[in-house]
């Protein structure tokens, strides 16, 4: 199941199962996971992209190992809200991934997530080398945290 509707996604994800968030770049994939109560997103790792099948298998390994209940993909919209080639590539990744795994998938606007991650790393006085190593999975945690915060808000509305 792939949806842009966060409420529909929330209904499809099993209770007490963590979520996984991905920051899909052209060369790397940043990975973050939540706790089972879906309150905190933690950066896990950045993997180097090769071919779709290998990339998907790396993500599936995390899903299986951590008993993940839902997948969040950062959707790189343009600053005016439109979707360009990178957003289309992310949607294609979701469609292809959906053929390999039954996990519910949603998208989250990732505009400025890398900027926020960079700022946080600079404030933490992280070296340039270390920032380049961790920026993608820290950005994935910002993306996932946005979803977690929204899901908590949805829970308060019901």
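Considering every residue within segment 42-56, establish whether at least one is closer than 23 Å to residue 152 by Cα and modelled with pLDDT of 95 or more.
no
Could you check residue 84 against (1) loosely packed, with under 13 Cβ neighbours inside 10 Å; (2) within 20 Å of residue 106 (Cβ to Cβ); (3) touching a helix residue (DSSP H, G or I) at 6+ places or on another chain (Cβ under 9 Å) and say which number it fails?
(3)
So if I check each of 55, 67, which one is out of contact with any helix residue (DSSP H, G or I) (no Cβ under 7 Å at 6 or more places or on another chain) and on the phi < 0 side of the Ramachandran plot?
After applying the criteria, what remains is 55.
Tell me, which residue of segment 87-125 that is loosely packed, with under 14 Cβ neighbours inside 10 Å and modelled with pLDDT under 65 is farthest from residue 69 (Cα to Cα)?
So, considering only residues that are loosely packed, with under 14 Cβ neighbours inside 10 Å and modelled with pLDDT under 65, the one farthest from residue 69 (Cα to Cα) is 125.
Listed here are the residues, each with its yes/no results for (1) surrounded by 12 or more Cβ atoms within 10 Å (Cβ to Cβ); (2) part of a loop (DSSP other than H, G, I, E, B); (3) touching a residue at least 40 places away in the same chain (Cβ under 8 Å); (4) over 14 Å from the mean Cα position of the chain (by Cα).
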position: 21; (1), (2), (3), (4): yes, no, yes, no
position: 32; (1), (2), (3), (4): yes, no, yes, no
position: 37; (1), (2), (3), (4): no, yes, no, yes
position: 44; (1), (2), (3), (4): yes, no, yes, no
position: 47; (1), (2), (3), (4): yes, no, no, no
position: 62; (1), (2), (3), (4): yes, no, yes, no
position: 72; (1), (2), (3), (4): yes, no, yes, no
position: 80; (1), (2), (3), (4): no, yes, no, yes
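In segment 82-107, what residues are under 21 Å from residue 5 (Cβ atoms) and not in a helix (DSSP H, G or I)?
82, 83, 101, 102, 103, 104, 105, 106, 107
I'm trying to understand the selection: among the residues of segment 87-101, which are touching a residue at least 12 places away in the same chain (Cβ under 8 Å) and more than 18 Å from residue 141 (Cα to Cα)?
Selection gives 87, 89, 91, 93, 94, 95, 96, 97, 98, 100, 101.
The values are calculated or read from the model by the stated rules, or taken from the named source; none is laboratory data. Bear in mind the structure is a predicted one, so any value in this text is a computation, not a measurement. Note: ideal-geometry Cβ built from the backbone for every residue, glycine included; neighbour counts use all protein chains shown.
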